[in-house]
Amino acid sequence: MSQSDKSGPGKARHRASRFVCKFGGSSLSGADQLRKVRAIIEADARRSIIVPSAPGKRDSTDTKITDLLYLCHHAASLGADYSASFDQIVERFTGIESDLQIAPFIAQHLEHFRHEMARGVSADYAASRGEHFCGLLLANWLDAEFIEPADCIVISPNGLVDSQTWELLGAKLADRSKRYVIPGFYGRDADGQVRTFSRGGSDVSGAVAARAAEADLYENWTDVSGLLMADPRIVENPRPMKEVTYAEIRELSYMGASVLHEEAMAPVREVGIPVNIRNTNAPEHPGTRIVAQLSPEEVATTQIAGVAGKTSFAMITVGKNLMNREVGFVYRLLGIFEHRGIPFEHCPSSIDSVSVIVESSWLEGQAEQILEEIHRTLEADEVDFVPQIALIAIVGEEMAHTPGVAARVFSALSTSGINVRLINQGASELNIIVGVGPEDYPAAVRAIYGAFVA
Ligand code: ASP
């Protein structure tokens, strides 16, 4: 069944508008943070579906509740004592409860869980309790209806959401006049056992809830005021992005810009629900909107969405005279990587040479054998190996319609005396990728950013 038959913003037109608000661990780390969350929710009646993470760190010395839960489970599986970590979990939840003056009820749930742990539970079940208890507390405090994800979010064996979820969860969230709390991070598998998404997966739950509820907006509340055009560890005070497309985000996060959980975009992207990244600690800041298409104002003011990169690539370049006439050459070359289960990232080519770029960690312990196999089976004239190369992506939907973007990139690099090792521009013209030596990486990012942002 196609999802867009059942859900999508088209249907929402005649109904009250509503938002899904996912709050990350740092927004829920203690009672003061929860008070901010409440103020945000109460500031806009459309914020009616709340998806909490588990309480995160209160400061850099603290431990996330989810990490404590995994720790307890691991100790339990070894038959070791985990009572000190378990007590820390209990203290955190009961502390929040009493600070918020909620009539005590959470200790009872925690004690029940202590018994379950002693009898033996799965790692996923143990880890899911952080979100579960946080959801119970929030629902109680906000006087909202608690939705149990294990009843309505189905997770497939590959860890992605199963399409049964849209109807099951959609039915639970049907009443547009109600406020709901649904814990993030978990659901159930086909056998009814609690199953989590991968780490950081509350972002996915938020997206799933937004789609199932046919929400108008998915607000993702975190501790930064949206996304930045470049890595702040490299560029001083990079400009925040006001608006960025789903496709641009995909490119930037592929290149290491940490944004949302990788799998969080698909459910909302498929039905065109916009995402707004917001800061719980600065709720007046509009944050970054992730949309299908940029608004005319954004198009008029930006040429690129951002610059991101990684230094963790390796490149193997194979040269052979008359390679262009040899049918299946690249197929056989990539087959060598395929047989070893190594994914390739890019494959730029010229008439008589082709390069394969992979994450360097894949080559550990087998680079020599791969080079030898390429030489032998492809009868290559030359095989050149660069163990570390940095790739930088300059990403922007508007690049295709803007002459001179590439010229600016390359003149900025040349002015800074940086040698470009490779260039790759996808046919979609959504990005230009340049490869530079790892030692040139920070200077190259700064030069490129500086060429677009005054
Ligand atoms: N609490 C889970 C984690 O720490 C999920 C999340 O916060 O998104 O990974």
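The values are calculated or read from the model by the stated rules, or taken from the named source; none is laboratory data. As the structure is a computational prediction, the values presented were derived from the model and not from experiment. Please note: Cβ atoms are built from the backbone with ideal geometry, for glycine as well, and neighbour counts cover all protein chains shown. Calculation scope for accessible area: heavy atoms of the full protein, side chains included, ligands and nucleic acids excluded. Shrake-Rupley method; radii C 1.70, N 1.55, O 1.52, S 1.80 Å.
The rows are residues; the columns are (1) open to solvent by less than 60 Å² (accessible area, probe 1.4 Å); (2) at positive phi; (3) not hydrophobic (A, V, I, L, M, F, W, C).
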| position | (1), (2), (3) |
| --- | --- |
| 88 | no, no, yes |
| 92 | yes, no, yes |
| 110 | yes, no, no |
| 124 | yes, no, yes |
| 129 | yes, no, yes |
| 141 | yes, no, no |
| 145 | no, no, yes |
| 154 | yes, no, no |
| 160 | no, no, no |
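Residues that are open to solvent by 10 Å² or more (accessible area, probe 1.4 Å) and near the ligand (Cβ under 10 Å from one of its atoms) within segment 25-51 comprise 25, 26, listed in sequence order. Beta carbons closer than 7 Å, at least 6 apart along the sequence or on distinct chains, pair a first residue in segment 400-429 that is more than 21 Å from residue 350 (Cβ to Cβ) with a second that is among the polar types (S, T, N, Q) for 402/303; 405/303. The residues listed here are 449, 441; of these, the one that is in contact with a Ser or Thr (Cβ under 6 Å, 6 or more places away or on another chain), in contact (Cβ under 8 Å) with a residue 40 or more places away in the chain and closer than 27 Å to residue 253 by Cβ is 441. Residue 206 satisfies every condition listed in (1) open to solvent by 10 Å² or more (accessible area, probe 1.4 Å); (2) within 16 Å of the ligand (Cβ to nearest atom); (3) part of a helix (DSSP H, G or I) except (1). With a requirement of 1 or more residues that are at pLDDT 95 or above and open to solvent by less than 30 Å² (accessible area, probe 1.4 Å), the strands (runs of 3 or more DSSP E) lying completely within segment 350-454 that satisfy it span 353-359, 382-395, 431-436.
Taking the criterion of being open to solvent by 40 Å² or more (accessible area, probe 1.4 Å) and modelled with pLDDT of 90 or more, the residues of segment 255-288 that qualify are 266, 269, 270, 281, 283, 284, 285, 286. Among the residues making up segment 140-165, those that are under 25 Å from the mean Cα position of the chain (by Cα), closer than 30 Å to residue 101 by Cβ and not in a helix (DSSP H, G or I) are 147, 148.
To keep it simple, each residue is scored yes or no on (1) assigned to a helix (DSSP H, G or I); (2) hydrophobic (A, V, I, L, M, F, W, C); (3) without any contact (Cβ under 8 Å) to a residue 60 or more places away in the chain; (4) farther than 17 Å from residue 67 by Cβ.
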site	(1), (2), (3), (4)
88	yes, no, yes, no
103	no, yes, yes, yes
107	yes, yes, yes, yes
116	yes, no, yes, yes
126	yes, yes, yes, no
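The residue pairs whose first member lies in segment 52-71 and is within 11 Å of the ligand (Cβ to nearest atom), whose second member is among the aromatic types (Phe, Trp, Tyr), and whose beta carbons are closer than 6 Å, counting only pairs six or more residues apart or on different chains, are 52/23.
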